[in-house]
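The values are calculated or read from the model by the stated rules, or taken from the named source; none is laboratory data. Note that the structure is a prediction, hence the values are computed from the model and not measured. For neighbour counting, all protein chains shown are included, and Cβ atoms are generated from backbone atoms with ideal geometry for every residue, glycine included.
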């Protein structure tokens, strides 16, 4: 299992558009992917779940990946977070 | 108007126009949900899958209609709902729970989705409450389809819709039934329902708290979108009065539209530029149709309100270009986002005094990436030389200097990318804060134009929050200090030879027109629907007489005296159409 800490860096935060993109990226991989925030664990492949997070700029999240392609999915998802959801 | 007013309800005047029609109460029944055990699990799972498929089809139709009526960007608010219906994790969870708990699917759907809503409602993010509404919509849609019931979306034709709240999906469906007007208990000027009502030109009064409690199906309703009033089961006299008013407004409107291509000139030959204020891009056709000489104020924060986040450079560039091209050769003055900290601060960090807080240029300078993205988009839209740029809420020279530095940085960055722009794009400031008003002579050396925003200026000058009902009567547009301040400002601007226009609500107040002319303003920017009226008034005024009026008003010491002086002025000069002008006055 891979565990990574990330921070939300774009101004608008994790709103609907990035939530949809995250789910779309995750769907390409077989591994399980969870987003943890304030003690809440959300399945990263579920749009309703990711939308619920409503993580604002500056929020700290913990991402976990587990499965045969965990390295690939971790890299793909982390890069999207680090690009500020392409909104910088 | 002297009439019995017991059947009158007040709300927020959201979209202009008057209609008389039958009420149609749009209620969303809450389905009863039983938690009884079920026997046939496979059947329950199949009906859930069918209900989801059906919901998808329904929503697909709404989405299609929305794209047609509102354009793709606005229709995007339905995309998230569509995606939830395709959320396999959610659907698998629902199917598994039916299997394990042996409960009816509607119970499981309700229980599972409500969990997410509770999380959203607990969030401090401002837009999450609206999101939760969207999820409610989806949840109810699935449950209703599980029960095989028809949604009450089939509404009668030609009615005034009365409802607690209107979701974007509702609004789109209503357009098919030729709805004559909207009344809601909740919602304000910037809610989705309000923006849609304005762009579809349907009169609306929102925020009438008791609407659904006091109005019944088939009640006859008079909806006055100019004054934010509704009359329930009006007397014959009231109906007659309003019918007459509608007719007269219609004739007068046709008559006024003939002024479309005429200039605004006083009897003694002074020429005026009448521009439009623009809230939503959908208004643009209406702006042109009413004969605006360009746009004096584009409120770009509408882009933020509609999209719920800050649009990127390309999106903004396309919006601004579209406006500039459609108005060419007239000019378009784009104002930077005028938003406050409430848009980004969590609710528990609310500023104690937001009107004196983190808003306008202060907010923008603290969010330089966001600000520069907008500046670049505006610069790029300026290639045809007809775009101007201005910033809101300026209170010091330092803010102007910082902004100019950012503009220079943006120009460099665009040059490096080989993108075209007008290197001499005019840059101006809003005069809304008394400190800026006092320093116009100094500001005149560093900007190319001024635009007076009277709403905020009056609020700050008189220290009155006009949104606060307890003190709002102290908000006086014709307070002697307001007239004197404006006189000073015009005088100072002339000394530095810097053009100054006026774009607040005062400019659209028919009472104020002779004052504004007499003060020496030469450009006014008002809501598009007011342009023909303002032209008509100006064409019947003489600058010399207006100047005399202002000089007299400058000596008066109370608002009442000034108001009666203006009324006297009108009565002496406009015997013929003074009533027509004032009965449509939007206040």
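Whenever a residue of the stretch B:110-121 is modelled with pLDDT of 90 or more, its partners that are surrounded by fewer than 19 Cβ atoms within 10 Å (Cβ to Cβ), lying with C-beta atoms within less than 7 angstrom and at least six residues away or across chains, give the pairs B:110/B:33; B:112/B:93; B:112/B:97.
Test residue B:99 against the stated conditions and say whether it is more than 9 Å from chain A (Cβ to nearest Cβ) and either without any contact (Cβ under 8 Å) to a residue 12 or more places away in the chain or not in a helix (DSSP H, G or I) (or both).
Criteria not met by residue B:99.
crowded, with 18+ Cβ neighbours inside 10 Å and farther than 30 Å from residue B:122 by Cβ: does that describe residue B:385? No, not satisfied. The set of residues from the stretch A:23-38 being more than 10 Å from chain B (Cβ to nearest Cβ) and without any contact (Cβ under 8 Å) to a residue 12 or more places away in the chain comprises just one member, A:38. Take the conditions (1) modelled with pLDDT under 90; (2) surrounded by 15 or more Cβ atoms within 10 Å (Cβ to Cβ); (3) within 12 Å of chain A (Cβ to nearest Cβ); (4) assigned to a helix (DSSP H, G or I); residue B:141 misses just one of them, which is (3).
Please work out which residue is farthest from residue B:360 (Cα to Cα), limiting yourself to the stretch B:431-460 and to residues that are in a loop (DSSP other than H, G, I, E, B) and touching a strand residue (DSSP E or B) at 6+ places or on another chain (Cβ under 7 Å).
Taking the candidates together, the pick is B:448.
For the stretch B:207-223, the count of residues that are closer than 26 Å to residue B:503 by Cβ and in contact (Cβ under 8 Å) with a residue 24 or more places away in the chain is at least one.
Going through (1) farther than 18 Å from residue A:79 by Cα; (2) in a helix (DSSP H, G or I); (3) more than 9 Å from chain B (Cβ to nearest Cβ) one by one, residue A:41 falls short only on (2). Taking the criterion of being within 30 Å of residue B:313 (Cβ to Cβ), in a helix (DSSP H, G or I) and away from chain B (no Cβ under 14 Å), the residues of the stretch A:52-88 that qualify are A:75, A:76, A:77, A:78, A:79, A:80, A:81, A:82. Going by the structure shown, is residue B:334 assigned to a helix (DSSP H, G or I), at pLDDT 95 or above and either within 17 Å of residue B:407 (Cα to Cα) or within 13 Å of another protein chain (Cβ to nearest Cβ) (or both)? Answer is no for this residue. Under the condition of being in a loop (DSSP other than H, G, I, E, B), buried (at least 16 other Cβ atoms within 10 Å of the Cβ) and at pLDDT below 95, the residues counted in the stretch B:545-587 number 3.
Conditions (1) surrounded by fewer than 20 Cβ atoms within 10 Å (Cβ to Cβ); (2) more than 25 Å from residue B:355 (Cα to Cα), marked per residue:
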| position | (1), (2) |
| --- | --- |
| B:420 | yes, yes |
| B:424 | yes, yes |
| B:429 | no, no |
| B:462 | yes, no |
| B:475 | yes, no |
| B:496 | yes, yes |
| B:499 | yes, yes |
| B:505 | yes, no |
| B:509 | no, no |
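Listed here are the residues, each with its yes/no results for (1) at pLDDT below 75; (2) away from chain A (no Cβ under 14 Å); (3) within 21 Å of residue B:315 (Cα to Cα); (4) crowded, with 18+ Cβ neighbours inside 10 Å.
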residue: B:50; (1), (2), (3), (4): no, yes, no, no
residue: B:54; (1), (2), (3), (4): no, yes, no, no
residue: B:61; (1), (2), (3), (4): no, yes, no, no
residue: B:65; (1), (2), (3), (4): no, yes, no, no
residue: B:80; (1), (2), (3), (4): no, no, yes, yes
residue: B:84; (1), (2), (3), (4): no, no, no, yes
residue: B:90; (1), (2), (3), (4): no, no, no, yes
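Looking at the structure I just gave you, is residue B:246 at pLDDT 90 or above and under 20 Å from residue B:160 (Cα atoms)? The answer is no for residue B:246. Can you find a residue in the stretch A:13-22 that is outside any loop (DSSP other than H, G, I, E, B), at the interface with chain B (Cβ under 10 Å from one of its Cβ atoms), free of Cβ contacts under 8 Å to residues at least 24 places away in the same chain and within 21 Å of residue B:131 (Cα to Cα)? No, that holds for no residue.
Rundown of residues vs (1) part of a loop (DSSP other than H, G, I, E, B); (2) within 30 Å of residue B:520 (Cα to Cα); (3) touching a strand residue (DSSP E or B) at 6+ places or on another chain (Cβ under 7 Å); (4) in the same structural domain as residue B:502 (by TED's automatic domain parsing), yes/no style:
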position: B:238; (1), (2), (3), (4): no, no, yes, no
position: B:245; (1), (2), (3), (4): no, no, yes, no
position: B:268; (1), (2), (3), (4): yes, yes, no, yes
position: B:275; (1), (2), (3), (4): no, yes, yes, yes
position: B:292; (1), (2), (3), (4): yes, yes, yes, yes
position: B:317; (1), (2), (3), (4): no, no, no, yes
position: B:323; (1), (2), (3), (4): no, yes, yes, yes
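Among the residues making up the stretch B:249-263, those that are touching a residue at least 12 places away in the same chain (Cβ under 8 Å) and more than 13 Å from residue B:530 (Cα to Cα) are B:261, B:262. Taken together, the residues in the stretch B:524-544 that are part of a helix (DSSP H, G or I) and either touching a strand residue (DSSP E or B) at 6+ places or on another chain (Cβ under 7 Å) or at pLDDT below 95 (or both) amount to 12. With the structure loaded, tell me whether residue A:7 is surrounded by fewer than 21 Cβ atoms within 10 Å (Cβ to Cβ), within 30 Å of residue B:75 (Cβ to Cβ) and either out of contact with any helix residue (DSSP H, G or I) (no Cβ under 9 Å at 6 or more places or on another chain) or more than 10 Å from chain B (Cβ to nearest Cβ) (or both) or whether it fails that test. It is false that residue A:7 is surrounded by fewer than 21 Cβ atoms within 10 Å (Cβ to Cβ), within 30 Å of residue B:75 (Cβ to Cβ) and either out of contact with any helix residue (DSSP H, G or I) (no Cβ under 9 Å at 6 or more places or on another chain) or more than 10 Å from chain B (Cβ to nearest Cβ) (or both). Checked against (1) in contact with a helix residue (DSSP H, G or I) (Cβ under 7 Å, 6 or more places away or on another chain); (2) over 28 Å from residue B:317 (Cβ atoms), residue B:450 passes all but condition (2).
Can we say residue B:297 is within 21 Å of the chain's Cα centre (by Cα) and in a helix (DSSP H, G or I)?
When the stated conditions are applied, residue B:297 does not pass them.
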